[in-house]
1. If I fit a long axis through the Cα atoms of helix 58-68 and take the longest principal axis of the Cα atoms of the chain, what angle between them do I get, 0 to 90°, rounded to 10?
2. Between 27, 14, 72, where does the largest GNM mean-square fluctuation fall for the chain, given springs only between Cα atoms within less than 10 Å?
3. When ligands, DNA and RNA are left out and all protein chains stay put, how many square angstrom of accessible area per residue does the chain have with a 1.4 Å probe?
4. What does the charge count near residue 83 come to, summing +1 for each Lys or Arg and -1 for each Asp or Glu among other residues with Cβ under 12 Å from its Cβ?
5. Using the Karplus curve 6.51 cos²θ - 1.76 cosθ + 1.60 with θ = phi - 60°, what ³J(HN,Hα) values do you get for each residue of region 15-31, in whole Hz, with x for Gly and Pro?
6. Of all the accessible heavy-atom surface of region 17-75, with the other protein chains kept in place and a 1.4 Å probe, what percent is carbon and sulfur?
7. Please report, for the Cα atoms of the chain, the Rg to one decimal and the Dmax as a whole number; what are they, in angstrom?
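The values are calculated or read from the model by the stated rules, or taken from the named source; none is laboratory data. Since the structure is predicted, the reported quantities are computational estimates derived from the model, not experimental observations. Note that each Cβ is placed from the backbone with ideal geometry, even for glycine, and that neighbours are counted across all protein chains shown. To get the accessible areas, we keep the full protein, side chains included, count just its heavy atoms, and leave off ligands, DNA and RNA. Shrake-Rupley method; radii C 1.70, N 1.55, O 1.52, S 1.80 Å.
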Amino acid sequence: ERVRLSEDPTSEPPISALGFDALNEVPPLNDFGGMLRERQGCVKGALLDQTFSAGVGNWIADEVLYLARVHPQALCSQLSENQLR
């Protein structure tokens, strides 16, 4: 195996391809809503996509959607303002 050294690993793939850190770098609500609405497909799929939000796994996505009362198969483009809060 090889080890690759880099001065800034966050600027190189695969790390650079990750989305925002769902724990420490959540975008403001208006930005997040816009980012989510631009996506095709269901909201759970978007949350699980590591290029959208890094670190969200299946159980976290399920819990967040349950608490928000949003169906996992709801389309991102059709979420209401209320559902995005």
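1. Its long axis makes an angle of about 30 degrees.
2. Checking each option, the largest mean-square fluctuation is seen for 14.
3. Working: 6510 Å² over 85 residues.
Ligands and nucleic acids excluded, the figure is 77 Å² per residue.
4. Every neighbour counted, the sum reads +2.
5. Calculated HN-Hα couplings, in order: 4, 5, 7, 6, x, 5, 6, 5, 9, 10, 10, 5, x, x, 3, 4, 5 Hz.
6. 57
7. My reading of the Cα-based Rg and Dmax gives 14.8, 50 Å.
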